[in-house]
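Visitor: One structure, as structure tokens, below. Some questions next.
The values are calculated or read from the model by the stated rules, or taken from the named source; none is laboratory data. Bear in mind the structure is a predicted one, so any value in this text is a computation, not a measurement. Neighbour counts are summed over all protein chains in view; Cβ atoms, including those assigned to glycine, are modelled from backbone coordinates with ideal geometry.
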Ligand SMILES: [Zn+2]
């Protein structure tokens, strides 16, 4: 899903997209010069492999996603939540896919391993 940067106005524009069973639902709204705010929520479930026992499990998602999008190189290097779309086209699919990969590369334990410190010590 691609949205032309200049088409986003000060009235919030609803967006909805689903990738790999994860749904991004929210709004885009212009919030400054060359700035658009993405205020969304990720929901659904993602199939992950447990990093301890290797068992596949469904990771339920229900997390807010707030980002600032800009069509200019950001001068504010401290703000890590700014994503730059220098060609003037906001790629919502890319944002959602990046969020999904960030979750996939992080460590996750399935329900039976989660908080099971004792079993973890025995294994090592
Ligand atoms: Zn596990």
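Visitor: Which of the numbered conditions does residue 25 fail, given that it passes all the others? Conditions: (1) exposed (fewer than 14 other Cβ atoms within 10 Å of the Cβ); (2) assigned to a strand (DSSP E or B).
Guide: (1)
Visitor: A further question follows. For residue 20, only one of the following conditions fails: (1) crowded, with 19+ Cβ neighbours inside 10 Å; (2) in contact (Cβ under 8 Å) with a residue 60 or more places away in the chain; (3) within 14 Å of the chain's Cα centre (by Cα). What is its number?
Guide: Going through the list (1) crowded, with 19+ Cβ neighbours inside 10 Å; (2) in contact (Cβ under 8 Å) with a residue 60 or more places away in the chain; (3) within 14 Å of the chain's Cα centre (by Cα), residue 20 breaks only (1).
Visitor: Between a residue in the range 29-52 that is over 30 Å from residue 88 (Cβ atoms) and any residue that is in a strand (DSSP E or B) and more than 16 Å from the ligand (Cβ to nearest atom), which pairs come within a Cβ distance under 8 Å, given they are 6 or more apart or on different chains?
Guide: These pairs meet every condition: 45/22; 45/61; 46/22; 46/61.
Visitor: Those residues that are more than 16 Å from the chain's Cα centre (by Cα), surrounded by 15 or more Cβ atoms within 10 Å (Cβ to Cβ) and closer than 30 Å to residue 115 by Cα, I need them from the range 54-88; list them, please.
Guide: Hit for the range 54-88 is 57, nothing else.
Visitor: Could you pull out the residue among 58, 39 that is in contact with a strand residue (DSSP E or B) (Cβ under 7 Å, 6 or more places away or on another chain) and within 16 Å of the ligand (Cβ to nearest atom)?
Guide: 58
Visitor: Can you tell me how many residues within the range 105-124 are modelled with pLDDT of 75 or more and within 16 Å of the ligand (Cβ to nearest atom)?
Guide: The total comes to 10.
Visitor: For the range 76-87, does any single residue satisfy the condition of being in contact with a strand residue (DSSP E or B) (Cβ under 9 Å, 6 or more places away or on another chain), within 16 Å of the ligand (Cβ to nearest atom) and in contact (Cβ under 8 Å) with a residue 24 or more places away in the chain?
Guide: No, that holds for no residue.
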